[in-house]
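Worksheet: one structure, shown below.
Derivation of every value follows stated rules applied to the coordinates shown; laboratory data play no part. If you're wondering where the values come from, they're calculated on a predicted model, not measured in any experiment. Reconstructed Cβ throughout: ideal geometry from the backbone, glycine too, with neighbour counts over all protein chains shown.
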Amino acid sequence: MKVLVIGAGVIGLSTAYYLRTDGHDVTVVDSNSGAGTMASYANGGQLSYSYVAPLAGPGVLGKLPAWLLRADSPVRFSPSLDPDQWRWCLNFVRACSQRQSDLTTRRLLSLAMFSRALMHEFVACEPDIAFDYANSGKLVLHRDFASFDKACRLLDYQRTLGCEQQAMTADECIYAEPALAHMGRRLVGGIYTASEDSGDCYRFCVGLERRLRRAGVRFRFTTRINDLREDCTGRISAFAGREMLDAEQIVVAAGTASAALLRPLRIRLPLYPLKGYSLTVNVKSQAAAPSISVTDFQRKIVYARLGDRLRIAGMADLNGQRATIDPSRVATLRAEAEAMFPEVGHYASAEPWAGLRPATPAGTPILGRTRYRNLWLNVGHGALGFTLALGSGKGLADRISGREHKSDVDEFLL
C-alpha cells in the first residue's frame, strides 16, 4: 500500500521504518527542513524503559503550589486564555490518583519493554546508524528519605511487572558512579537499573532517514500538510496547499501540530505542549563525567553521556506553543549541572535548546486508527518519545499491515 507518514521526528521515522520493512510504499512529509529537528533534536538522551511513571501522580498535587511559586521549579505554569490549556490541566488533575498512576505505569512499562527489545534488535541489525548508543544503565538519585522510601515501594511494584532494579545506599551510588563522589553528604540513596540505554535522538533520526532513503522511502521536507479532507467514501486525503498527496493510508505523527491538523475532522486530541530544556556540553574531563545515565529525582533533571558530550535536560513549562528559550530556565539547568558534575567541561559554552513535547494529561500516547478507515495516529508520547518510538512504530505498522495479534500496544489503541 501507499502510506503517507506526516512527521519526520523519531515517532514518524520509526513508523516509516517498520512500514517499509513490511513492504509498503512509504512517503514521509514534514514542514521542517530535515528529520528530527523539533522535539527529537536535543532531548534528554535517556532511553528509560523502566522509568515511565507519569508526571500525573498522587504526590504531585501537594507539590504543585510550591513548584508554581518557585522560579527554579521543575514545573512551571503560565496561565493563558487558551481553553485547551485549561482543559488539559483539569484532566491532568483528574489523572493524579494512585489508581490511574499505577494503571498508566503498568501500560507504559509493557510498551517500553517491547521498545527495549526492538531497540536492541535495531542496534544489532543496523550497525551503520551511529547515534552514540550505550547500554550503560541508569541511576536515579534521591536527596531525602521520604522520596527514597516511595521509590523503593515503586521498585517493589515494578518488580511484579518484570523490572529488575536495585535500591542503593549513598555509598553504593558513588561506587557505581565515581563522578558523584563530591555529592556524598547530599545523597540518601538511589535506584539503579542496569538495563537502561542512552543515545542521541537527533543522530538516530538522521541515520534512520538515510537508511530509509536507501530502502526507497521518499521524503518531502519544507512541505506543510494544511488540510485533511474527507471524500464521499469516508476516506481521508491529505493536501499540501492545493496538491493532493497520493496515499491509501495516512499516519499522523506530527507531535504538537497534530491536534490543530485533526481538529477540522472533529478529532479532538488531549494534547498540550510541555516545553523542556536541555544543555549539551563537551566533556573535557573523562573522570569528572558520569559514565552511566543519572537522574536527580528532586530537581527532575537528567544527565546522559553521549560520546564526548554530556546532555543535561529537564523542566516542564506549560506556557504555550512556542519553543522559545527562557534564559532563566537555562541558567537553572546550568547551575544544577555545575553543582552535580562541576569539572565536566565549560558550561558557559554549553549549547542550550528548548523543545515542545506533545503530552497527554495521563501520560499515555494515542495510537491506532481513527473513525476514518485510512487515518491513523501515533502521537502524545510526551517526554518518552525516544523510549517508546520503536514499540509504537512497530505496533502501528502491524495494524496497518493487517496483523491483529495481541501485542504490547493494544492498550493504547483507539
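Using the alpha-carbon atoms, what tilt in degrees (0 to 90, nearest 10) does helix 60-69 show relative to the longest principal axis of the chain?
80
In which sequence would W353, W86, W376, W67 go, from the one with the fewest C-beta neighbours within 10 Å to the one with the most?
Details: W353 19, W86 13, W376 24, W67 16.
Fewest to most other Cβ atoms nearby, the residues stand as W86, W67, W353, W376.
According to the square roots a ≥ b ≥ c of the eigenvalues of the Cα gyration tensor, what is the shape class of region 263-414, taking rounded for a/c under 1.5, prolate for a/b larger than b/c otherwise, and oblate for the remainder? Display every interim value, and only then the final one.
Details: a/c = 3.21, a/b = 1.94, b/c = 1.65.
Judged from the Cα gyration tensor, region 263-414 comes out prolate (a/c at least 1.5, a/b above b/c).
Roughly how tilted is helix 145-159, in degrees to the nearest 10 and between 0 and 90, from the longest Cα axis of the chain?
50
Only counting other Cβ atoms within 10 Å, I'd like H142, H346 sorted with the fewest neighbours first. Numbers along the way, then the final one.
On the way: H142 25, H346 9.
So the ranking, lowest neighbour count to highest, is H346, H142.
If you rank R211, R20 by fewest surrounding Cβ atoms within 10 Å, what's the result? Mind dumping the intermediate values first?
Working: R211 16, R20 20.
Neighbour counts put them in this order, fewest first: R211, R20.
Report the calculated FRET efficiency for D227 and D326 (r = Cβ-Cβ distance, R0 = 45 Å), to the nearest 0.05.
Numbers: r = 33 Å, r/R0 = 0.74.
Efficiency, rounded to the nearest 0.05: 0.85.
Lys/Arg Cβ at +1, Asp/Glu Cβ at -1, dipole of the chain taken about the Cα centre: which of V251, A130, G57 is farthest positive-ward?
With unit charges placed on the Cβ atoms, the residue in question is V251.
Once amide H atoms are built 1.01 Å from N in the peptide plane, which residues 5 or more positions from L274, or in another chain, come under 5 Å H to H?
Here R357, A359 satisfy the definition.
Quick one: angle between helix 201-214 and the longest Cα principal axis of the chain, in degrees between 0 and 90, rounded to 10, please.
Roughly 30 degrees, rounded to the nearest 10.
Antiparallel versus total DSSP beta bridges in the chain: what percent is that, nearest 5? List each step's numbers first, then the result.
Working: 49 of 72 bridges.
Around 70 percent antiparallel, to the nearest 5.
Cα atoms only, the chain: Rg and Dmax in Å?
Expressed in Å, the Cα Rg and Dmax of the chain come to 20.8, 69.
In debye, nearest 20, what is the charge dipole magnitude of the chain about its Cα centre with +1 on Lys and Arg Cβ and -1 on Asp and Glu Cβ, if you could check?
Details: 50 positive and 41 negative charges, 202 e Å.
Using only the charged Cβ atoms, the result is roughly 960 debye.
Could you work out the relative contact order of the chain, using alpha carbon pairs under 8 angstrom and six or more residues apart, expressed as a whole percent?
Details: 889 pairs, mean separation 113.9, N = 414.
The value is 28 percent.
Are there GluC sites (Glu not before Pro) in region 298-358 that DSSP puts in a loop and that have at most 16 other Cβ atoms within 10 Å, and which ones? It would help to have the intermediate numbers written out before the result.
Numbers: sites: E336, E338, E343; in loops: E343.
Within region 298-358, the qualifying GluC sites (Glu not before Pro) (loop, at most 16 other Cβ atoms within 10 Å) are E343.
Summing -39500 (n - 2.57) over the DSSP H runs of n ≥ 4 in the chain and dividing by its residue number, what mean residue ellipticity at 222 nm do you reach, to the nearest 500 deg cm²/dmol?
-10000 deg cm²/dmol
With the cut-off at 23 Å, tell me which of the pairs K138/K394; K275/K300; K2/K275; K63/K300; K150/K300; K63/K275 have Cα atoms farther apart than that. Don't jump to the answer; show the numbers that get you there.
On the way: K138/K394 25 Å; K275/K300 14 Å; K2/K275 34 Å; K63/K300 13 Å; K150/K300 15 Å; K63/K275 19 Å.
As for pairs spanning more than 23 Å Cα to Cα, those are K138/K394; K2/K275.
Using only the Cα atoms of region 200-279, build the gyration tensor, take square roots of its eigenvalues as a ≥ b ≥ c, and label the shape rounded, prolate or oblate: rounded if a/c is under 1.5, else prolate if a/b is larger than b/c, else oblate.
Working: a/c = 2.50, a/b = 1.24, b/c = 2.01.
Here region 200-279 falls in the oblate category.
With a ≥ b ≥ c the root eigenvalues of the C-alpha gyration tensor of region 86-240, is it rounded (a/c under 1.5), prolate (a/b larger than b/c) or oblate? Show your work: numbers first, answer last.
Working: a/c = 2.54, a/b = 1.53, b/c = 1.65.
The shape class here is oblate.
With θ taken as phi - 60° and the coefficients 6.51, -1.76 and 1.60, list the Karplus ³J(HN,Hα) couplings across region 169-179 in order, rounded to whole Hz; mark glycine and proline as x.
6, 4, 5, 5, 4, 5, 5, 6, 9, x, 5
Mind jotting down a quarter of the surface of the convex hull over the alpha carbons of region 357-409, in square nanometres, one decimal? Walk me through the numbers on the way to the answer.
Details: hull surface 15.8 nm².
Averaged projected hull area, Cα only: 4.0 nm².
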